[in-house]
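Here the structure is laid out as structure tokens; the discussion comes afterwards.
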Amino acid sequence: MTIDWRSMMEKELMFSEDKQDIEILELVVGGISYGININDVKEIIPYEKKFTRIPGAHPHIEGIIMPRDFIVTIVDLLASLKLVDSGDVKNEMLIVTNIQNMNIGFHVDRVKGIHRTTTASLRKPGKKRSTSVKDAIVAILSTNNGDIEVLELRNIISSINPEMVFV
């Protein structure tokens, strides 16, 4: 059973007694493991630096590409989370999302895999977080390999463009 992640977070069902099945895509940015709801992912494509820059765009917007018959705006997730490049070996990818009919590709260092789990495995994030971006991290998923900070992509988009309102 898949659930609507957005409404789940809004109602704080994520931390309720009711267990819901979820899938978290683990990715790495700046040497830190993050997770996003797999339901937000449209596709994952290799990152190529062949994009068109947009004059006057927000500094976290790298540009746009057209991988097929749709345009994707590329967001530098490292810059958006106010992180420093770790210098780790990279297999750069674009995680293409379709949030409110906007194709947004998040540039990440690498993708590690998918965690199939339940909401009971998530805990609320504490004060110590890897990023100072307000409301970017909404949960923590503990795995055998360490903690994964779960991101809310809508909040990252809103930090780039405060006029974007997600309902």
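The values are calculated or read from the model by the stated rules, or taken from the named source; none is laboratory data. The model shown is predicted, which means the values in this text are computed figures rather than measured ones. In this analysis, Cβ positions are derived from the backbone assuming ideal geometry, glycine residues included, and neighbour counts consider all displayed protein chains. All accessible areas refer to the heavy atoms of the entire protein, side chains included, with ligands and DNA or RNA removed. Shrake-Rupley method; radii C 1.70, N 1.55, O 1.52, S 1.80 Å.
Scan (1) surrounded by fewer than 21 Cβ atoms within 10 Å (Cβ to Cβ); (2) over 18 Å from G31 (Cα atoms); (3) not aromatic (F, W, Y) for the single condition I104 breaks and write down its number.
With (1) surrounded by fewer than 21 Cβ atoms within 10 Å (Cβ to Cβ); (2) over 18 Å from G31 (Cα atoms); (3) not aromatic (F, W, Y) applied to I104, the lone miss is (1).
What's the total number of residues in region 92-141 that are over 28 Å from P46 (Cα atoms), charged (D, E, K, R) and in contact with a Lys or Arg (Cβ under 7 Å, 6 or more places away or on another chain)?
0
Being under 12 Å from F106 (Cβ atoms), in contact (Cβ under 8 Å) with a residue 40 or more places away in the chain and in contact with a Phe, Trp or Tyr (Cβ under 9 Å, 6 or more places away or on another chain) is the filter here, so list the residues in region 43-94 that pass it.
E62, V75, L77, S80, L81, E92, M93, L94, listed by residue number.
Hey, can you tell me all the residues within region 53-87 that are in a loop (DSSP other than H, G, I, E, B), charged (D, E, K, R) and surrounded by 12 or more Cβ atoms within 10 Å (Cβ to Cβ)?
Of region 53-87, the ones in a loop (DSSP other than H, G, I, E, B) are 53-60, 66-71, 81-87.
Then keep just the ones that are charged (D, E, K, R); that gives 53, 68-69, 82, 85.
Result: K82, D85.
So which of S132, S121 is open to solvent by 60 Å² or more (accessible area, probe 1.4 Å), out of contact with any Gly (no Cβ under 8 Å at 6 or more places or on another chain) and among the hydroxyl-bearing types (S, T, Y)? Spell out how you get there, then give the answer.
On the way: S121 fails: open to solvent by 60 Å² or more (accessible area, probe 1.4 Å).
When all the criteria are applied, what remains is S132.
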